[in-house]
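Written below as structure tokens is the structure these notes are about.
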Amino acid sequence: MAEKIARLTVDGLEGVIELPVYSGTAGPDVIDVRPLTGKGLFTYDPGFVSTAACDSSITYIDGAKGILLHRGYPIDQLAEKSDYMEVCYLLLNGELPDAEQKKAFVNTISNHTMVHEQLSHFFNGFRRDAHPMAILCGVVGALSAFYHDSLDIDNEHHRNVCAYRLVAKMPTLAAMCFKYSSGQPFMYPRNDLSYAGNFLYMMFGTPCEEYHVNPILERAMDRIFVLHADHEQNASTSTVRLAGSSGANPFACIASGIAALWGPAHGGANEAVLTMLEEIGDESRIEEFVAKAKDPNDSFRLMGFGHRVYRNFDPRAKVMKQTCDEVLHELGIDDDPLLKIAKRLEQIALEDEYFVERKLYPNVDFYSGIILKAIGIPTNMFTVIFALSRTIGWISHWNEFHSSPNKIGRPRQLYLGHTQRDYPA
Ligand code: SDX
């Protein structure tokens with residue numbers, strides 16, 4: 001029951017419209033605008049800048065304070081003390097697992113990492129130079145053909161099996177996208193390796209020789225997975241929720257999330273940051289690019305900067321920057337030229353009035369690409385890694401949506417087209 005009421009008067013409408021106001025456990029109150037429809041009114045919020053499309057208990061972001069909590073735990077604490085498998089369990093189930101629960105969860109995921117042998121034929125339909133995100137969109141959507149008839153979305157156990165399958169198979173499919181583009185044979189997953197170690201094995205191992213997982217890279221990869229796991233109602237997660245609201249197959253819903261993530265304004269930014277840093281090429285050219293980013297007549301934006309929600313540092317960017325320093329130092333590449341350009345660019349941008357005034361800070365994508373490059377991941381695979389990591393967030397939100405009574409999502413519009421007119425006689 002609402003404790004507060006918002007009261008609205010509209011010119012031309014009699015009386016006061018009373019709208020319930022709800023408070024969450026944290027964050028802004030929300031005004032329930034549903035009664036407006038009965039008054040012949042819609043709300044108007046292109047880009048959903050000020051719209052709470054649902055209620056959720058998974059992730060909380062305070063953009064002004066740069067806070068990110070997963071089921072209440074701060075992202076910097078999870079990045080330092082947890083690991084991706086534990087974060088997956090937390091996001092999906094709401095609590096950290098005890099030792100037994102974690103062991104059982106990791107075992108379940110490890111034993112679902114193989115994909116149906118016939119799925120490998122889907123890859124042959126793509127050109128070898130196809131972008132890996134295009135391939136990933138296709139093959140994840142194709143999973144719905146393999147599990148179409150074994151999923152009652154109203155059955156919690158079925159939903160959990162689907163979540164395990166997706167979390168388990170995404171690294172295998174991601175690595176297959178890379179192997180296909182390089183012409184190397186697919187590597188089958190190994191159940192004796194960690195989630196991150198197995199991914200590195202499937203990416204860089206070959207049938208010709210033993211592959212030894214580098215523990216530094218394994219830890220860095222796991223950290224990247226943790227930092228990208230979930231982020232509230234971002235564009236791709238909202239896409240998954242909307243697709244899920246029609247009752248669509250969850251594998252098809254995740255494929256829709258992958259498609260939405262691909263855009264350079266969203267998950268595609270990590271690839272775009274590296275391309276931008278390589279285009280800048282030298283610290284002497286940074287000012288030129290910052291000027292382009294500030295030019296209202298130039299569509300160029302500083303990739304990896306700005307965020308719809310954060311008007312402070314993205315807490316993930318802070319952890320990513322620290323991880324970047326650690327990984328490059330441990331790998332003995334302290335003087336990485338791209339990292340130098342990135343750090344100088346960040347310093348210039350953070351001192352520039354244009355960025356300060358608009359509260360544009362480095363986001364999660366600014367440093368992630370440098371770490372991925374140091375691990376040996378090719379640039380066009382960066383967003384695939386983001387999609388792999390974010391799958392647990394997507395499927396946790398999809399699961400949350402289907403765990404309670406729900407309705408199909410159906411936004412309305414402000415119509416500016418022709419009013420009715422007759423077809424010429
Ligand atoms: C992700 O939503 C999420 O949670 C996403 C994400 C997740 O984990 O799921 O965090 C992942 O998508 C991170 C964002 C990655 N994208 C980029 O790094 C691309 C570069 N950033 C921009 O495209 C932009 O900042 C957005 C898309 C991220 C946010 O855009 P908004 O909120 O729509 O902001 P805006 O376009 O209204 O910008 C406000 C002003 C504008 O200038 P004015 O019209 O006021 O003069 O800031 C300017 C913009 O031109 N601006 C930039 C800029 N970002 C915004 N100017 C230069 N460079 C930039 N990067």
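Bear in mind these aren't lab numbers, they're just calculated from the coordinates by the rules spelled out. The structure presented is a predicted model; accordingly, all values stated were derived computationally and were not measured. Note that we place each Cβ from the backbone using ideal geometry, even for glycine, and neighbour counts take in every protein chain shown.
The slack in the chain from R421 to S57, taken as 0.36 nm per residue of separation less the alpha-carbon distance, amounts to 126.2 nm. In a fully extended conformation the segment linking E351 and E80 would gain 94.6 nm over its present Cα-Cα distance, using 0.36 nm per residue.
Computed from label points 7 Å out along Cα-Cβ, the spacing between E14 and N312 is 4.9 nm. Backbone amide hydrogens, once placed in the peptide plane, bring F305 within less than 5 Å of N363, excluding anything fewer than 5 places away on its chain. Sparsely packed loop sites in region 77-146 (the trypsin sites (Lys or Arg not before Pro) outside DSSP H, G, I, E and B with at most 10 other Cβ atoms within 10 Å) comprise R127, R128.
For region 375-425, what class follows from the C-alpha gyration tensor (a ≥ b ≥ c being the square roots of its eigenvalues): rounded when a/c is under 1.5, otherwise prolate if a/b is larger than b/c, else oblate? In terms of gyration-tensor shape, oblate. Using a simple spin-label model with pseudo-atoms 7 Å out from Cα toward Cβ, I5 and N297 lie 5.5 nm apart. For the chain, relative contact order (Cα pairs under 8 Å, six or more residues apart, normalised by length) works out to 20 percent. Note the full-extension length gain between A265 and R127 as 0.36 nm times their separation in residues minus their Cα-Cα distance, in nm to one decimal. Roughly 47.1 nm would be gained on extension. Could you calculate the FRET efficiency of D98 with Y73 from 1/(1 + (r/R0)^6), where r is the beta carbon distance between them and R0 is 25 Å, rounded to 0.05? Approximately 0.95, to the nearest 0.05. For the Cα trace of region 214-353, dividing Rg by the Kirkwood Rh returns an Rg/Rh value of 1.01.
Here the chain is treated with +1 on each Lys and Arg Cβ and -1 on each Asp and Glu Cβ, and its dipole about the Cα centre works out to around 940 debye.
Taking label positions 7 Å along the Cα-Cβ direction at both V161 and Y22, the computed distance is 3.2 nm, reported to one decimal. When you filter the chymotrypsin sites (Phe, Trp or Tyr not before Pro) in region 344-425 for DSSP loop state and at most 12 other Cβ atoms inside 10 Å of their Cβ, you are left with Y415.
Plainly put, region 261-418 has a radius of gyration that is 1.05 times its Kirkwood radius, both from alpha-carbon atoms, as the Rg/Rh ratio. Among the chymotrypsin sites (Phe, Trp or Tyr not before Pro) found in region 250-332, those both in a DSSP coil and sparsely packed, with 14 or fewer other Cβ atoms within 10 Å of their Cβ, are F300.
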